[in-house]
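See below for the structure under consideration.
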Amino acid sequence: MGSRFASHQLSNGLYVSGRPEQPKEKAPTICSTAMPYTGGDIKKSGELGKMFDLHVEKSRKSGPLGNAPSRNTSFGGAASNSGPVSNAGGRSNYSGSLSSSVPGAGGSARAKSNSGPLNKHGEPTKRSSGPQSGGVTPMARQNSGPLPPVLPTTGLITSGPISSGPLNSSGAPRKVSGPLDSAASMKMRATSFAHNQAVTNLNTEDGYSIQGSFPKPILWAVILLFVMGFIAGGFILGAVHNAILLIVVVVIFGFVAALLIWNACWGRRGAIGFVNRYPDADLRTAKDGQYVKVTGVVTCGNFPLESSFQRVPRCVYTSTSLYEYRGWDSKAANTEHRRFTWGLRSMERHAVDFYISDFQSGLRALVKTGYGARVTPYVYESVIIDINPDNKDMSPEFLRWLRERNLSSDDRTMRLKEGYIKEGSTVSVMGVVQRNDNVLMIVPPSEPISTGCQWAKCVLPTNLDGLVLRCEDTSNIDVIPV
């Protein structure tokens with residue numbers, strides 16, 4: 001009986017509709033053998049080694065070829081095997097070009113292997129930057145510039161140049177453990193302090209200044225009056241032989257000169273006395289914008305400091321000053337250094353933001369002394385070392401400190417002072433209260449604060465610019481752990 005639908009009989013005798021399936025060609029199976037253990041050597045890893053342009057040694061031979069044919073073809077030339085091949089089939093590999101199996105010679109013949117394409121004569125092609133000349137342009141990977149050095153035997157890929165640092169016997173970089181060079185670390189630390197925006201560099205002395213106490217017009221007016229008084233007194237003395245006016249001018253001039261000299265010597269102590277006598281405020285009742293004095297325990301912020309010479313860690317303020325004594329024929333430490341006095345030669349003074357816990361209220365406030373803020377520090381500096389031409393070689397640490405700052409250590413009489421405020425110290429801060437989103441801060445005032453005249457001590461007024469820091473000698477005082 002006929003049917004318009006095609007049918008066919010299966011091998012088990014059943015009839016099914018449809019046409020019989022056409023036999024499909026079986027896809028060629030590419031067999032590869034497992035590579036031996038390389039021990040992490042990237043040169044023995046086949047394609048991975050070729051990816052890094054590592055050529056295998058010429059002394060390495062390809063393994064024995066089995067009786068089964070293996071074939072390799074490439075657009076750019078035949079790529080040979082670099083490992084033992086079993087009887088099942090040859091292991092095809094490639095280095096930047098497509099490879100497949102082609103019939104090859106059987107038997108136990110051995111051939112030298114080279115990773116990379118071959119030229120038309122069967123020799124390995126040379127890789128260079130730019131197109132290659134010849135009948136066929138290979139598709140092999142090209143390199144511009146020198147080849148990288150051999151990677152270490154661990155096979156790890158790390159950042160940075162491999163050739164930096166000492167090498168061991170196998171050519172790999174050797175890791176050296178231990179501390180860094182002290183001079184290099186100190187220079188890096190000093191550079192980081194100088195260029196860090198969070199650090200305030202205070203490179204001026206905090207001594208008493210007469211010019212800051214009075215406006216310049218008043219000083220010039222006083223000087224002019226004395227000049228006119230001396231001229232008039234001298235003229236009267238010469239004309240009528242009367243020395244009363246000249247004597248009065250000399251007495252007044254002597255009194256003013258003694259007052260100025262007294263303030264030059266004791267003016268800084270007068271400013272410190274004003275800070276000590278200023279009453280402490282309670283931060284709970286302090287209003288926004290009020291000028292207050294707060295005394296409490298210091299806690300470091302995000303960027304703690306370290307003292308320059310003694311290496312005291314976790315500080316919020318550091319100061320290291322080098323002074324020189326100038327004799328009759330000695331060199332001057334600076335342009336304003338007078339003979340038979342101590343002059344400042346070098347100063348490193350830094351301050352950063354920190355926290356203070358108020359003794360009165362227990363509240364914690366952020367003191368904004370960093371980021372270039374105006375700060376007037378009254379911190380005690382202790383004498384660390386005295387150097388003269390006779391004992392300059394007794395302190396190698398001091399000589400190292402001078403060399404790091406390119407300072408000469410010739411026959412000079414020097415004195416090194418250092419002061420700091422470390423975490424846990426008790427500090428008095430004078431500034432303006434500022435509240436911002438429930439954050440309590442103490443910031444510098446917009447204008448300098450005058451101390452006023454202290455008549456009992458014959459101290460003239462002086463201006464306190466910015467935040468005022470007051471700390472006693474902390475070298476022999478146990479700080480409060482925080």
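The values are calculated or read from the model by the stated rules, or taken from the named source; none is laboratory data. In this text, all values refer to a predicted model and were calculated from it rather than measured experimentally. Every residue, glycine among them, receives a Cβ derived from its backbone with ideal geometry; neighbour counts consider all protein chains shown. Ligands, DNA and RNA are excluded from the accessible area calculation, which covers all protein heavy atoms including side chains. Shrake-Rupley method; radii C 1.70, N 1.55, O 1.52, S 1.80 Å.
Give just the number: which of (1) touching a residue at least 60 places away in the same chain (Cβ under 8 Å); (2) charged (D, E, K, R); (3) surrounded by fewer than 14 Cβ atoms within 10 Å (Cβ to Cβ) does E404 not satisfy?
(3)
For F359, are the conditions met, namely being out of contact with any Pro (no Cβ under 8 Å at 6 or more places or on another chain), open to solvent by 30 Å² or more (accessible area, probe 1.4 Å) and modelled with pLDDT of 90 or more?
So F359 fits the description; yes.
Got a sec? Which of V367, V316 is within 27 Å of G431 (Cα to Cα), more than 19 Å from the chain's Cα centre (by Cα) and open to solvent by less than 40 Å² (accessible area, probe 1.4 Å)?
So the residue among V367, V316 that is within 27 Å of G431 (Cα to Cα), more than 19 Å from the chain's Cα centre (by Cα) and open to solvent by less than 40 Å² (accessible area, probe 1.4 Å) is V367.
Of the conditions (1) open to solvent by 30 Å² or more (accessible area, probe 1.4 Å); (2) free of Cβ contacts under 8 Å to residues at least 40 places away in the same chain; (3) not in a strand (DSSP E or B), H337 fails just one. Which one is it?
Evaluating H337 over (1) open to solvent by 30 Å² or more (accessible area, probe 1.4 Å); (2) free of Cβ contacts under 8 Å to residues at least 40 places away in the same chain; (3) not in a strand (DSSP E or B) leaves (1) as the failure.
Just to check your reading of the model, which residue among A332, A365, A351 is in contact (Cβ under 8 Å) with a residue 60 or more places away in the chain and touching an Asp or Glu at 6+ places or on another chain (Cβ under 9 Å)?
A365
Check whether at least one residue in segment 405-423 is of a type outside the set (F, W, Y) and farther than 29 Å from E324 by Cβ, and report yes or no.
yes
Determine whether W342 is in a loop (DSSP other than H, G, I, E, B), open to solvent by 70 Å² or more (accessible area, probe 1.4 Å) and aromatic (F, W, Y).
Considered against the rule, which asks whether it is in a loop (DSSP other than H, G, I, E, B), open to solvent by 70 Å² or more (accessible area, probe 1.4 Å) and aromatic (F, W, Y), W342 comes out as no.
Using the structure shown, decide if S409 is surrounded by fewer than 20 Cβ atoms within 10 Å (Cβ to Cβ), assigned by the TED database to the domain that holds D437 and farther than 30 Å from L467 by Cα.
Yes.
Which one of these does R415 not meet: (1) open to solvent by 60 Å² or more (accessible area, probe 1.4 Å); (2) modelled with pLDDT of 95 or more?
Among (1) open to solvent by 60 Å² or more (accessible area, probe 1.4 Å); (2) modelled with pLDDT of 95 or more, the lone unmet condition for R415 is (2).
Restricting to segment 379-401, what's the tally of residues that are among the aliphatic types (A, V, I, L, M), touching a residue at least 24 places away in the same chain (Cβ under 8 Å) and loosely packed, with under 13 Cβ neighbours inside 10 Å?
1
What number of residues within segment 276-312 satisfy the criterion of being under 15 Å from V352 (Cβ atoms), of a type outside the set (S, T, N, Q) and either part of a strand (DSSP E or B) or open to solvent by 80 Å² or more (accessible area, probe 1.4 Å) (or both)?
3
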